[in-house]
1. With labels modelled as points extended 7 Å from the Cα through the Cβ direction, what inter-label distance (nm, one decimal) is found for Ser18 paired with Asp119?
2. What residues of the stretch 104-118 lie in the reach of a label at Thr166, counting those whose backbone N is under 14 Å from a point 7 Å from the Cα along Cα→Cβ?
3. Of the trypsin sites (Lys or Arg not before Pro) in the stretch 23-70, which ones lie in a loop per DSSP and count no more than 12 other C-beta atoms within 10 Å?
4. Using only alpha-carbon positions, what ratio does the radius of gyration of the stretch 82-195 give when scaled by 2.2 N^0.38 Å?
5. Express in nm, to one decimal, how much length is gained between Ala189 and Lys52 on full extension, taking 0.36 nm for each residue of separation and deducting their alpha carbon distance.
6. Can you sort His174, His35 so the residue with the fewest Cβ neighbours within 10 Å comes first?
7. Would you compute the Debye intensity of the stretch 46-119 from its alpha-carbon atoms alone, equal scatterers and no solvent, and pass along log10 I(q)/I(0) at q = 0.14, 0.24 Å⁻¹ to two decimals?
8. Cα-based Rg (one decimal) and Dmax (whole number) for the chain, in Å?
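A short reminder: the numbers here are calculations on the coordinates, not readings from a lab. From a predicted model like this one, the values you see are computed outputs, not experimental measurements. Glycine also receives a Cβ, built like all others from the backbone with ideal geometry; neighbour counts cover every protein chain displayed.
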Amino acid sequence: MPVAEKPRVGRPRKGESSINREKIVTAAWAIVNEHGLSGLSTRTLAAALDVKSPALYWYVRSKEELLSLMLERLLQDSISDGTGRDWKDWFKGVGRRQRALLLSYRDAGVIASMAPPTDLIREELFPRLFQPLVAAGMTAEQASAAAGGLASLVLGWVIYEQRPDTHAMMETFHDPEEAFELVLASFVAGLEQTAL
């Protein structure tokens, strides 16, 4: 899904209209994948897009907003429609997809931990995550807490997996994939016992 554009007053300079938020987010992920989060700056992003640094601020006001838009892009692809599906299988599927998407981008766990939620995340994606739980009989408060718990589980797990030292430690004691499945299934089973 494309990143939502917010209209701005005025217009960019000649030759700078070839960029938009979607291109900026795509270029930012490419830089992070190649150089890590520490390699992402206004200067490197502008160079990758072949524009001057001030042109970026027309579309993205700060690095914090850029990180939020980068996270938004990933989350849009992770939350499918849960209508008519068993909530437990659907919820575990969301957790697996979010983990896989975050692991597919370098430093995505750290980015997700730093990025404030965008309006789209807050008003559309997060509610979409807990609606199937409400439909299954949880209260809105329980479903929201469950969605937050899933996000915390996935994010913490991904940060561990993306850090070479902690990943190596995990592999010493258990297979990270199998362990994630065990913890995810236990989390969902606990939700079923306590919230329904």
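1. Label at Ser18, label at Asp119, 3.0 nm between them.
2. 107-114, by backbone N distance to the label point.
3. Those that pass, being in a loop and sparsely packed, are Arg61.
4. So the Cα radius of gyration is 1.10 times the expected 2.2 N^0.38 Å.
5. 44.1 nm is the gain from fully extending Ala189 to Lys52.
6. His174, His35
7. -0.57, -1.09
8. 18.7, 60
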